[in-house]
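The values are calculated or read from the model by the stated rules, or taken from the named source; none is laboratory data. As the structure is a computational prediction, the values presented were derived from the model and not from experiment. Methodologically, a virtual Cβ is constructed for each residue, glycine included, from the backbone with ideal geometry; neighbour enumeration extends over all protein chains shown. The protein model used for the area step is the full one, side chains on, heavy atoms only, and it has no ligands, DNA or RNA in it. Shrake-Rupley method; radii C 1.70, N 1.55, O 1.52, S 1.80 Å.
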Amino acid sequence: MATRLKPLDASWLYVESRNTPMHVAGLNIFSLPADAPPDFLARLVAQLKDAKDFVPPWNLRLKKSLLRGVLPAWEIDDSLDLDYHVRHSALPHPGGERELGVLVSRLHSHELDLNRPLWECHVIEGLENNRFALYTKMHHALIDGVGGIRMTARAFSASAAAGKVVPPWTIGAEIRKRKAQVEGEVLPSTFERLREQLQQQAELVPQVTRALTKIWRGKKPNDALATPFKAPKSVLNDRVDGQRRFATQQYELARLRAIAEKGGVTLNDVVLAICAGALRRFLKELNVLPRRSLTAGLPVSLRPKGDEQLGTAISFMLADLGTSIADPVKRLQWIHSSTLSAKEHLQSLPKSGLNNYTMLFMAPYIMGMLTGAAGRIKPMFNLAISNVPGPDKTLYLGGAKLEAMYPVSVLQHGQALNITCLSYAGKLNFGFTGARDALPHMQRLAVYTGEALDELEAAVKAAIAA
């Protein structure tokens, strides 16, 4: 049975190209058990490949048809070639963070084969300090960041005891055999079902229209609500090629939460303020800091806890990053005002209308990608920044301790930088994905977030003391 893709999911396929591969990924760092045998990783790879039954989305591929490029649909492929999808690599000596970053950058630059199920899993050995990495990428048409993290983490265990690894692409296979289903938007089978859907959407038109009118009409002076296409042109908004750079940083969640509490803001506001401070310094050193503040597109997960449906379940907000403001505390407060306005705007819509709102809101952005205008015209926003909640307890894979989880995201023409954060076991892990030619010194930007954190922490303490 073929399953039609939802419009937002299909849009990720429409903009797929050699220069803009549309996959998301996760980089997990593990420490080997103290008593790990020499063939630990070879056994791990063998266990990951030891599968006979598969579950969606791992066993879904694009149905071959004359209309695949216009009306794509999924079909089940239960004859997966796991030797193709699961790969074993090794870092060159000395196997440090730099060597790992180079390899991940290269892996993330390569497109997925659209004729196969759209995912790859790479086990990477040779990381210094007795560690290894697991890099898994999947097309954005199949899953969003939150869904991908939840699915991959199902293979991890809360126990440090060594045990057989159950690949995530097999978990739930027996249940799904008894209840065969592929989540997605199946074409209505009866006129009545279609009529009900159209009626429901029609009832939402006035609310969606009012929300879009408000966000598109332009902001008033001193209004913190960021609006589309009001972002300044910057080096972040040129055309991109297919080559990527990747960098990471990790900070204590408790430290960021303490700043948020003292500053009377949210954790996400602190994350944005750290990124804004780093971007301000980075662009200023290159003498390309715009006079007007940068704006960020903030993906917002609409996926409830326990939801494992296919495809993307996200909407978008815009936030003013206050990069034109020198004082870190004033910048933080401005960001807080902007995100608060954006949340209130999004929450004014009923949940059933968010998908329509998202598609219409992002339509000019997607059209810019499809027509080739993106990266040549004024940007809708300057960069994407997201903060994804991850597991809060320490996890293991076959007895190997999971030390860090880093997200690796997508780039498009006009969007040469993506910063995605993922919380895990008391840490906040930053993944910086950048276009190689547009951001040749991106590692500096990653380092500057740590210095921006120090600066903000000291400034908030000083403001309270005063």
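Pick out the one residue from K378, K393, K401 that is under 30 Å from D39 (Cβ atoms) and not in a strand (DSSP E or B).
Just a single option satisfies the conditions, and that option is K393.
Within the stretch 60-90, count every residue that is open to solvent by less than 20 Å² (accessible area, probe 1.4 Å) and touching a helix residue (DSSP H, G or I) at 6+ places or on another chain (Cβ under 9 Å).
So the answer is 5.
For (1) touching a residue at least 40 places away in the same chain (Cβ under 8 Å); (2) open to solvent by 30 Å² or more (accessible area, probe 1.4 Å), each residue gets a yes or a no:
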site: M367; (1), (2): no, yes
site: P379; (1), (2): yes, no
site: G398; (1), (2): yes, no
site: C421; (1), (2): yes, no
site: F432; (1), (2): yes, no
site: R436; (1), (2): yes, yes
site: R444; (1), (2): yes, yes
site: Y448; (1), (2): yes, no
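Residue check: is V123 surrounded by 12 or more Cβ atoms within 10 Å (Cβ to Cβ) and modelled with pLDDT under 95?
In short, no.
Could you please tell me which pairs satisfy a Cβ distance under 6 Å, a separation of 6+ or placement on different chains, a first residue in the stretch 249-274 that is closer than 27 Å to I29 by Cα and basic (K, R), and a second residue that is assigned to a helix (DSSP H, G or I) and at pLDDT 95 or above?
Taking only residues 6 or more apart or on different chains, the pairs are R257/L267.
Just to be sure, is V388 open to solvent by 10 Å² or more (accessible area, probe 1.4 Å), modelled with pLDDT under 95 and within 30 Å of Q243 (Cα to Cα)?
It is true that V388 is open to solvent by 10 Å² or more (accessible area, probe 1.4 Å), modelled with pLDDT under 95 and within 30 Å of Q243 (Cα to Cα).
What do you reckon, is A46 buried (at least 19 other Cβ atoms within 10 Å of the Cβ) and among the small types (G, A, S)?
It is false that A46 is buried (at least 19 other Cβ atoms within 10 Å of the Cβ) and among the small types (G, A, S).
Please enumerate the residues belonging to the stretch 1-13 that are crowded, with 17+ Cβ neighbours inside 10 Å and either under 19 Å from the mean Cα position of the chain (by Cα) or assigned to a strand (DSSP E or B) (or both).
Listed by number, the residues that qualify are T3, K6, L8, D9, A10, S11, W12, L13.
Whether any residue in the stretch 16-32 is among the aromatic types (F, W, Y), open to solvent by less than 70 Å² (accessible area, probe 1.4 Å) and in a helix (DSSP H, G or I) is what I want to check.
Within the stretch 16-32 (the criterion being among the aromatic types (F, W, Y), open to solvent by less than 70 Å² (accessible area, probe 1.4 Å) and in a helix (DSSP H, G or I)), the answer is no, since none of the residues qualifies.
Please work out if L267 is modelled with pLDDT of 95 or more, surrounded by fewer than 20 Cβ atoms within 10 Å (Cβ to Cβ), of a type in the set (A, V, I, L, M, F, W, C) and closer than 30 Å to H139 by Cα.
Here the answer is yes, as L267 does meet what is asked.
Exactly one condition in (1) over 20 Å from the mean Cα position of the chain (by Cα); (2) buried (at least 21 other Cβ atoms within 10 Å of the Cβ) is not met by V410; state its number.
V410 satisfies all of (1) over 20 Å from the mean Cα position of the chain (by Cα); (2) buried (at least 21 other Cβ atoms within 10 Å of the Cβ) except (1).
Is it the case that some residue within the stretch 271-285 is at pLDDT 95 or above and within 30 Å of R154 (Cα to Cα)?
Scanning the stretch 271-285, I find at least one residue that is at pLDDT 95 or above and within 30 Å of R154 (Cα to Cα), so the answer is yes.
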